[in-house]
1. On the given criteria, is Asp64 under 30 Å from Gly151 (Cβ atoms), at pLDDT 95 or above, touching an Asp or Glu at 6+ places or on another chain (Cβ under 6 Å) and not in a strand (DSSP E or B)?
2. What are the pairs with Cβ atoms under 8 angstrom where one residue, in region 172-187, is exposed (fewer than 14 other Cβ atoms within 10 Å of the Cβ) and the other, located anywhere, is at pLDDT 95 or above? Sequence gap at least six, or different chains.
3. Looking at Gly55, Gly30, which is the one that is out of contact with any Gly (no Cβ under 9 Å at 6 or more places or on another chain), free of Cβ contacts under 8 Å to residues at least 40 places away in the same chain, over 24 Å from Thr167 (Cα atoms) and not in a helix (DSSP H, G or I)?
4. Using the structure shown, decide if Lys176 is in contact with a helix residue (DSSP H, G or I) (Cβ under 6 Å, 6 or more places away or on another chain) and modelled with pLDDT of 95 or more.
5. Here is a list of conditions, (1) more than 28 Å from Gln218 (Cβ to Cβ); (2) in contact (Cβ under 8 Å) with a residue 40 or more places away in the chain; (3) out of contact with any Leu (no Cβ under 6 Å at 6 or more places or on another chain); (4) assigned to a helix (DSSP H, G or I), and Val107 meets all of them except one; can you say which number that is?
6. Does any residue of region 68-76 turn out to be part of a helix (DSSP H, G or I), touching a helix residue (DSSP H, G or I) at 6+ places or on another chain (Cβ under 8 Å), charged (D, E, K, R) and modelled with pLDDT of 95 or more?
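The values are calculated or read from the model by the stated rules, or taken from the named source; none is laboratory data. Here the structure is a predicted model, which means the values were calculated and not measured. In this analysis, Cβ positions are derived from the backbone assuming ideal geometry, glycine residues included, and neighbour counts consider all displayed protein chains.
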Amino acid sequence: MAELSGRVALVTGGSRGIGRAVAISLAEAGAAIVVNFREKAGDAQAVVDSIRKAGRHAMAVRADVSKAAEVSSMVAAVQHELGTIDVLVNNAGIGLVRNVDDLTEEVFDETIAVNLKSAFLCTQAVVPGMRAKKWGRIVNISSGAARGAGGVGPHYNASKAGLEGLTRGYAARLVKDGITVNAVAPSLIETDMVRSGLASSAARIPLGRFGTPEECAQVVLMLVGNAYMTGQTVALSGGMSFL
């Protein structure tokens, strides 16, 4: 696993669920943590407080990461407070459930902006600092829906498939700079999205249960700690699918 003393890690959408678990795990590995949020300020501050109580540095930054100006302001604030971002986890995402007949252009565009464009904007913003250090780790949180039918809708499938393409494209072009780019593709993790009715039962999962955010965080830490692995997507599905 990663040893991240002296490193700064930014987790987008880090106030709840997988993002929260990833932020806490990165802090336990020694990193100073930036918890990005858009709306849940109280939840984000709770994550920061938990990390600080454990003796690590942390800060919460509000930004809509689907907007370039807000991403730029966030990265500048982090650099001023903690220094250059070494680890980026693109976790921010939405899952607006729609069937084919009620999927609108507005929902499609919002999903692509939050789930895919945000990863592009954040990556572009942190790469110069990583290049200067000749070290960087980028992990994108995808989904089993990138390759399967999923329960959210085709807009969600497209956003996550695009995220995996983005992962491979950046990995190929940044490998010479000491920057690795990988993805994690979880399926049916016990988060708010699943609890709200996306999946009422774990019966379809061969392992017999939903995954946990902490299990996702373990995979992220593995990818951050591995200097030789890049351009890969790691599936986390309890045996439902195999890449």
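1. Numbers: under 30 Å from Gly151 (Cβ atoms): yes; at pLDDT 95 or above: yes; touching an Asp or Glu at 6+ places or on another chain (Cβ under 6 Å): yes; not in a strand (DSSP E or B): yes.
Judged against the criteria, Asp64 is a match.
2. These pairs meet every condition: Ala172/Gly231; Val175/Thr230; Val175/Gly231.
3. Residue meeting the stated conditions: Gly55.
4. On the way: in contact with a helix residue (DSSP H, G or I) (Cβ under 6 Å, 6 or more places away or on another chain): no; modelled with pLDDT of 95 or more: yes.
When the stated conditions are applied, Lys176 does not pass them.
5. (3)
6. Within region 68-76 (the criterion being part of a helix (DSSP H, G or I), touching a helix residue (DSSP H, G or I) at 6+ places or on another chain (Cβ under 8 Å), charged (D, E, K, R) and modelled with pLDDT of 95 or more), the answer is no, since none of the residues qualifies.
Here's the yes/no breakdown for (1) of a type in the set (Val, Ile, Thr); (2) assigned to a loop (DSSP other than H, G, I, E, B); (3) modelled with pLDDT of 95 or more:
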residue: Asp101; (1), (2), (3): no, no, yes
residue: Ile112; (1), (2), (3): yes, no, yes
residue: Leu121; (1), (2), (3): no, no, yes
residue: Val126; (1), (2), (3): yes, no, yes
residue: Arg137; (1), (2), (3): no, no, yes
residue: Ala145; (1), (2), (3): no, no, no
residue: His155; (1), (2), (3): no, no, yes
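Here is a yes/no grid of residues against (1) of a type in the set (Ser, Thr, Tyr); (2) surrounded by fewer than 23 Cβ atoms within 10 Å (Cβ to Cβ); (3) under 12 Å from the mean Cα position of the chain (by Cα); (4) closer than 19 Å to Val75 by Cβ:
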{"position": "Ser5", "(1), (2), (3), (4)": "yes, yes, no, no"}
{"position": "Leu10", "(1), (2), (3), (4)": "no, no, yes, yes"}
{"position": "Arg16", "(1), (2), (3), (4)": "no, yes, yes, no"}
{"position": "Arg20", "(1), (2), (3), (4)": "no, no, yes, no"}
{"position": "Leu26", "(1), (2), (3), (4)": "no, no, no, yes"}
{"position": "Ala32", "(1), (2), (3), (4)": "no, no, no, yes"}
{"position": "Glu39", "(1), (2), (3), (4)": "no, yes, no, no"}
